[in-house]
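As structure tokens, the structure follows; a few thoughts come after it.
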Amino acid sequence: GAPIRCLGIIPMAENMPGGRAIKPGDILTSAEGKTVEILNTDAEGRLILGDAIWYARRLGATHLVDVATLTGSCVVALGKTTSGLFGTPDSWVHEVRRATERAGDRSWPMPVFDDYKEQLKSEIADFSNTGGRAGGAITGALFIKEFTGGLPWVHMDIAGTAWAEDAKPYQPKGATGVGV
């Protein structure tokens with residue numbers, strides 16, 4: 001009954017090895033027409049997430065929030081109790097962060113400085129699918145930003161918070177539901 005329209009898009013793909021699997025050096029073309037050089041085949045989820053964001057824009061989305069177990073780098077940076085929040089503008093990031101706090105999900109704003117985009121440069125495509133180890137959570141988010149079309153956008157990296165290895169008084173062991 002809320003006076004807003006909310007879209008939920010769930011990009012899914014089976015990640016299995018085979019003769020037609022992506023390989024380092026492949027160039028993929030996104031649904032938006034952007035070309036992506038594959039440097040790391042373990043960074044495959046961001047490829048379909050980019051297409052899902054493009055699709056949300058095509059359906060008329062005006063504000064974007066994506067929730068993904070995108071990078072192990074975010075686990076290294078924030079551990080398993082705090083999700084990373086990346087996005088623009090700051091006012092939208094702050095609004096989403098307030099919502100996570102009200103829901104009992106810890107989150108922390110992370111930078112999306114343009115300087116990090118250098119790590120995604122490719123000589124043979126519009127950009128590459130990974131920027132390497134240094135700032136990996138940031139470059140993962142910046143990869144996703146390439147598909148936002150400049151809309152207000154927040155990326156929640158829940159790689160560390162999606163699964164609880166131990167039960168807590170407020171949460172059982174297993175899937176946490178973070179971001180829901």
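The values are calculated or read from the model by the stated rules, or taken from the named source; none is laboratory data. Note that the structure is predicted; figures quoted are calculated from it, not measured. For neighbour counting, all protein chains shown are included, and Cβ atoms are generated from backbone atoms with ideal geometry for every residue, glycine included. All accessible areas refer to the heavy atoms of the entire protein, side chains included, with ligands and DNA or RNA removed. Shrake-Rupley method; radii C 1.70, N 1.55, O 1.52, S 1.80 Å.
Restricting the range 24-43 to residues that are outside any strand (DSSP E or B) and touching a residue at least 60 places away in the same chain (Cβ under 8 Å) leaves a set whose member that is nearest to the chain's Cα centre (by Cα) is Ala43.
From the list Thr130, Thr100, the one residue that fits, being touching a strand residue (DSSP E or B) at 6+ places or on another chain (Cβ under 9 Å) and open to solvent by less than 40 Å² (accessible area, probe 1.4 Å), is Thr100. Only a single criterion out of (1) over 19 Å from Val178 (Cα atoms); (2) in contact (Cβ under 8 Å) with a residue 60 or more places away in the chain; (3) in contact with a strand residue (DSSP E or B) (Cβ under 7 Å, 6 or more places away or on another chain); (4) of a type outside the set (Lys, Arg) is not satisfied by Gly135, namely (3). In the range 169-180, the residues that are polar (S, T, N, Q) reach residues that are open to solvent by 100 Å² or more (accessible area, probe 1.4 Å) with C-beta atoms within less than 9 angstrom, at least six apart or across chains, in these pairs: Thr176/Trp163.
Checked against the criteria, Arg106 does not count as within 30 Å of Ala167 (Cα to Cα), free of Cβ contacts under 8 Å to residues at least 12 places away in the same chain and not acidic (Asp, Glu). In the range 46-82, of all residues being open to solvent by less than 70 Å² (accessible area, probe 1.4 Å) and of a type in the set (Val, Ile, Thr), the one that is nearest to the chain's Cα centre (by Cα) corresponds to Val67. Applying the criterion of being among the charged types (D, E, K, R) and in contact with a helix residue (DSSP H, G or I) (Cβ under 9 Å, 6 or more places away or on another chain) to the residues of the range 146-172, the residue that is most open to solvent (accessible area, probe 1.4 Å) is Glu146.
When the residues of the range 4-17 are narrowed to those that are farther than 14 Å from Asp51 by Cβ and modelled with pLDDT of 90 or more, which ends up surrounded by the most Cβ atoms within 10 Å (Cβ to Cβ)? Across the range 4-17, the extreme among qualifying residues is Leu7. Taken over the range 103-127, residues that are among the aliphatic types (A, V, I, L, M), more than 17 Å from the chain's Cα centre (by Cα) and open to solvent by 30 Å² or more (accessible area, probe 1.4 Å) amount to 2.
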